[in-house]
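Scroll down for the structure; my scribbles are underneath it.
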Amino acid sequence: MTRLFVPRDALSVAVGADELAAALAQACPDATIIRNGSRGMAWLEPLLEVQTESGRIGYGPVEAADVPGLLAAGFLAGGAHPKRIGRPEEMPFLARQTRITFARCGITDPVSLSDYRAHGGLIGLTRALSMGGADIVDELVKSGLRGRGGAGFPTGIKWRTVMQAQAPQKYIVCNADEGDSGTFADRMVMEGDPFLLIEGMIIAGIAVGATQGYVYLRSEYPQAVTAMNQAIAAARQEAVLGAQVLGSAFAFDMEVRVGAGAYVCGEETSLLDSLEGKRGQVRAKPPLPALSGFLGRPTVVNNVLSLAAVPDILAGGAAAYQALGVGRSRGTMPVQLAGNIKHGGLFEVPFGITLGELVMEIGGGTASGRPVRAVQVGGPLGAYFPPALFDTIFDYEAFTARDGLIGHGGIVVFDDTVDMARMARFAMEFCAIESCGKCTPCRIGSTRGVEVLDRIIAGDTGQLGLLADLCETMKFGSLCALGGFTPYPVMSAVRHFPEDFAPRQHALAAE
Ligand SMILES: Cc1cc2nc3c(=O)[nH]c(=O)nc-3n(C[C@H](O)[C@H](O)[C@H](O)COP(=O)(O)O)c2cc1C
Ligand code: SF4
């Protein structure tokens, strides 16, 4: 029977994948249609694939209206058509990647546990079950894995703290809030390979002695919620989750909790408050969530990508993962290319690649065809980098050295029509809107920051010193990184694009 693949992820659905699947079901009643995850080549979605004798052949982007023409071209046998891209894995965008976390994404049926097993799933968990918690933690420490949520804290060290804590109940909380602008890797894992996250969370539970896990997801991700819930149900059905994980003495279960969607609810302590049913507001640290987290119990809070890296580390061994990357940034980073970019999408690569290679070679420059003027790396709290800094390598320390951050690996590209003073204002305004209100430098400072930037934009450049002062106060006086890092986009815009803060520019713009 012919097998067709039509992605089910939010991006593909937004551009017509459901309509395409329906049209194919009608036109090819004998074919099996598998709703796979995305391969991560956003510009080709919906990417239709057909299983042929010479492998899977892709066509993209395909609309429902293309189906009659595709049939006439013999696409069921991989026939020639203007939208035929050949074998997806031979596309340079995919061929250049080192896919570890995303190895299965786009290939398997995301909610089929047998497909997951057939493609190397559960090997890491099986090995973990034969190890003690301390050995699993040691393996994680040796791998060099650092948290992919933003702060880059070593995952193994965090797990060790939770493992050593004494408590009747511990928890694993997966931070799937994914609020950073231009990021979608967590969503792609949950929609395209949810068992990977489940496996990572079970291993974390075994390592630290936790029997219950939660995935904290935002309501804007309905496809991810569905895929995760389907996968959790399938995992329970086959005793991957439950009282005896894979027939062992270990118990672990988990559920999805949906938040209303606030940027600050991605901050781990705010997330925990929200998970407990309260308004999401940042908690003062200490105590660390590792010692007093969900309901006051020791809790591992990790990003989706951190947990999704774990099964492969256990399956392939820490040394293989550690061998990839540079400096203290080990393994791969699923980089997300977004904004005004020709080839946007998910690009997983070992640390060490330059920003310029990612934006210009892999991303192909801007979608508008105009010159790149700025890129923001690391979400709304990340710095703006001009092309002059495109030699910066993807490495936590290299970005810190240039007053930037990698964050969750999002890169948003802007062409030469961008007004960087307005982007600086946007950063302050974002902080003012999203502030949880707990501390004064952020709550009041961001609102004053918008006002100061409005005066600068109106031509009063004498206010630039005041802006710098305010940013210092926010940076060093804020309780969490929302207020503390907003100065990065603001001051990087001032530093690298001073001409946009000069009075003439805005006087002209106002004319
Ligand atoms: C304002 C703010 C928003 C954040 N949003 C997220 C988020 O959406 N996802 C995430 O994993 N971490 C986010 N973080 C980082 C978390 O607080 C925390 O460091 C992370 O979940 C730890 O997991 P990791 O060690 O695996 O990265 C945010 C931090 C701040 C200050
Ligand atoms: S910096 Fe902002 S978001 Fe963070 S605790 Fe203070 S007021 Fe809340």
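The values are calculated or read from the model by the stated rules, or taken from the named source; none is laboratory data. Every value quoted in this text rests on a predicted model; they were computed, and no experiment measured them. Here the Cβ is made from the backbone with ideal geometry for all residues, glycine too, and neighbour counts use every protein chain on show. Accessible surface is based on the protein model in full, side chains and every heavy atom, while ligands, DNA and RNA are left aside. Shrake-Rupley method; radii C 1.70, N 1.55, O 1.52, S 1.80 Å.
How long is the gain from R328 to R3 if the chain were fully straight, where each residue apart is worth 0.36 nm and the alpha carbon distance is subtracted?
112.7 nm
Among all helices in the chain defined by DSSP H, which have a length of 30 Å or more along the axis from Cα atoms plus a Kyte-Doolittle mean of at least 1.0?
Length and hydropathy pass: none found.
Name the long-range amide H neighbours of G242: under 5 Å, sequence gap of 5 or more, or other chain; modelled H, no Pro or chain starts.
Close amide H contacts, sequence-distant or interchain: F252, D253.
As a test question: what accessible area, to the nearest 10 Å², does T440 have when a 1.4 Å probe is rolled over all protein chains in place?
T440 exposes around 80 Å² with every protein chain in place.
Taking all protein chains in place and a 1.4 Å probe, what share, in percent, of the accessible surface of the chain do carbon and sulfur account for?
55
Extending each Cα 7 Å along its Cβ direction at A80 and A388, get the distance between those two points in nm, one decimal.
Here the answer is 5.0 nm between the modelled labels.
By a straight-distance test (C-alpha under 22 Å), which lysines pair with K438 as possible cross-link partners, with residues fewer than eight away in the same chain excluded?
Hits, sequence-local ones excluded: K278, K285, K475.
Amide H of V335 versus every other amide H placed in the peptide plane: which residues, excluding those fewer than 5 positions away on the same chain, fall under 5 Å?
Residues meeting the amide H criterion: F347, E348, V349.
With the cut-off at 1.5 for a/c, could you classify the chain from its C-alpha gyration tensor as rounded, prolate or oblate?
It is oblate, given that a/c is not under 1.5 and a/b is not larger than b/c.
Round to the nearest 0.05 the FRET efficiency obtained for S54 and A14 when R0 = 25 Å and r is the Cβ-Cβ distance.
0.20
If a/c stays under 1.5 just call it rounded; otherwise compare a/b with b/c (prolate if a/b is bigger, oblate if not). Do that for segment 113-322, with a ≥ b ≥ c from the square roots of the Cα gyration tensor eigenvalues.
Rounded, since a/c falls under 1.5.
Can you pull the one-decimal nm distance between simple spin-label points at E472 and L295, each 7 Å off the Cα toward Cβ?
4.7
Could you compute the FRET efficiency for Q166 and S130, with r as their C-beta to C-beta distance and R0 at 25 Å, rounded to 0.05?
Numbers: r = 25 Å, r/R0 = 1.00.
That pair, Q166 with S130, gives E of 0.50.
For segment 420-510, report the accessible area per residue in Å² (1.4 Å probe, heavy atoms, rounded to an integer).
Details: 4130 Å² over 91 residues.
So segment 420-510 comes to 45 Å² accessible per residue, rounded to a whole number.
Compute, for H408, the solvent-accessible surface of its heavy atoms (probe 1.4 Å) with the complete set of protein chains present, and express it in square angstrom to the nearest 10.
Accessible area, nearest 10 Å²: 10 Å².
Among F485, P168, G449, flag the residue with its Cα farthest along the positive direction of the charge dipole of the chain, charges on Cβ as +1 for Lys/Arg and -1 for Asp/Glu.
With unit charges placed on the Cβ atoms, the residue in question is P168.
Okay, which of segment 127-161 sit inside 12 Å, backbone N to the point 7 Å along the Cα-Cβ direction of A243?
Backbone N within reach: none found.
Starting at the first residue of segment 62-69, write each ³J(HN,Hα) from the Karplus equation 6.51 cos²θ - 1.76 cosθ + 1.60 with θ = phi - 60°, in whole Hz, x for Gly and Pro.
10, 9, 4, 5, 7, 4, x, x
Toward the positive end of the charge dipole of the chain, about the Cα centre and with charges on Cβ (Lys, Arg +1; Asp, Glu -1), which of M131, T392, A458 goes farthest?
It is M131.
Within straight cross-link reach of K142, meaning Cα distance under 16 Å, which aspartates and glutamates are found once same-chain residues fewer than 8 apart are removed?
Correct list for K142: D312.
Near the amide H of I33, under 5 Å away, which other amide H atoms are found, from residues 5 or more places off or on another chain, if H is placed in the peptide plane?
Distant-sequence amide H within range of I33: L4.
Set the Förster radius R0 to 56 Å, insert the Cβ-Cβ distance between T440 and A72 as r into 1/(1 + (r/R0)^6), and round the FRET efficiency to 0.05.
For R0 = 56 Å, the calculated efficiency reads 0.25.
Within segment 29-61, find all residues whose amide N lies under 13 Å from a label point positioned 7 Å from the Cα of A95 along Cα-to-beta-carbon.
Hits in segment 29-61 for A95 at 13 Å: none.
When only alpha-carbon atoms are used, what values of Rg and Dmax, in angstrom, describe segment 325-415?
My reading of the Cα-based Rg and Dmax gives 11.7, 36 Å.
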